[in-house]
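What follows is a single structure, written as structure tokens, with notes after it.
The values are calculated or read from the model by the stated rules, or taken from the named source; none is laboratory data. No experiment lies behind these values; they were computed from the predicted model shown. Virtual Cβ from ideal backbone geometry, glycine too; neighbours counted across all protein chains shown. Just the protein is used for accessible areas: all its heavy atoms, side chains included, with ligands, DNA and RNA removed. Shrake-Rupley method; radii C 1.70, N 1.55, O 1.52, S 1.80 Å.
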Amino acid sequence: MKTKRRKRRPNATGRNHNNQFLKIDYDMAHSAAWRSLSGSAMKVWIELRTRYNGRNNGDLSLSLDEAARLLKMGKATVLRAYQELEEKGFIRMVERGQWYGRLATTWEVTDKPHKGYPATNDWSSWREPRKPKKL
């Protein structure tokens, strides 16, 4: 027997608070850093960014095992994605994880405020490395 799902009704402001979304600003989406990201790095950033709840920036964690399982990637690919995101300024390591105690690395996303300080948006200053001219 199938049960009917109730439709979520909007509140007084016309919004439905049960549906969260991930906002990617045009400035970020049109930046050189974003456009140069690999697909795996985008997937890892989106998964990490969805863990931000408005108050926990700097305490975001996604282990290599969990990311590999959720995103259907190898651990080495996830590790390269983390390195790429950090190099291009989308995330910053807050505390390195430890194998003993099974603690994942904690991260800060740079597009949101952290500990009362405004977002740094480090990705906005990233530039494509220049290739040497051939003679």
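Of all residues in region 43-69, those satisfying the criterion of being of a type outside the set (S, T, N, Q) and either loosely packed, with under 15 Cβ neighbours inside 10 Å or touching a Gly at 6+ places or on another chain (Cβ under 8 Å) (or both) are Ile46, Arg51, Gly54, Arg55, Asp65, Glu66, Ala68, Arg69.
Residue count for region 79-124, restricted to those that are within 18 Å of Ile24 (Cα to Cα), open to solvent by 90 Å² or more (accessible area, probe 1.4 Å) and hydroxyl-bearing (Ser, Thr, Tyr): 0.
Cβ-Cβ contacts under 7 Å between residues 6 or more apart (or on different chains), taken from a first residue in region 18-45 that is closer than 16 Å to Trp126 by Cα to a second residue that is among the charged types (D, E, K, R) and surrounded by fewer than 16 Cβ atoms within 10 Å (Cβ to Cβ), are listed as Ala32/Arg127; Ala32/Glu128; Ser36/Glu128.
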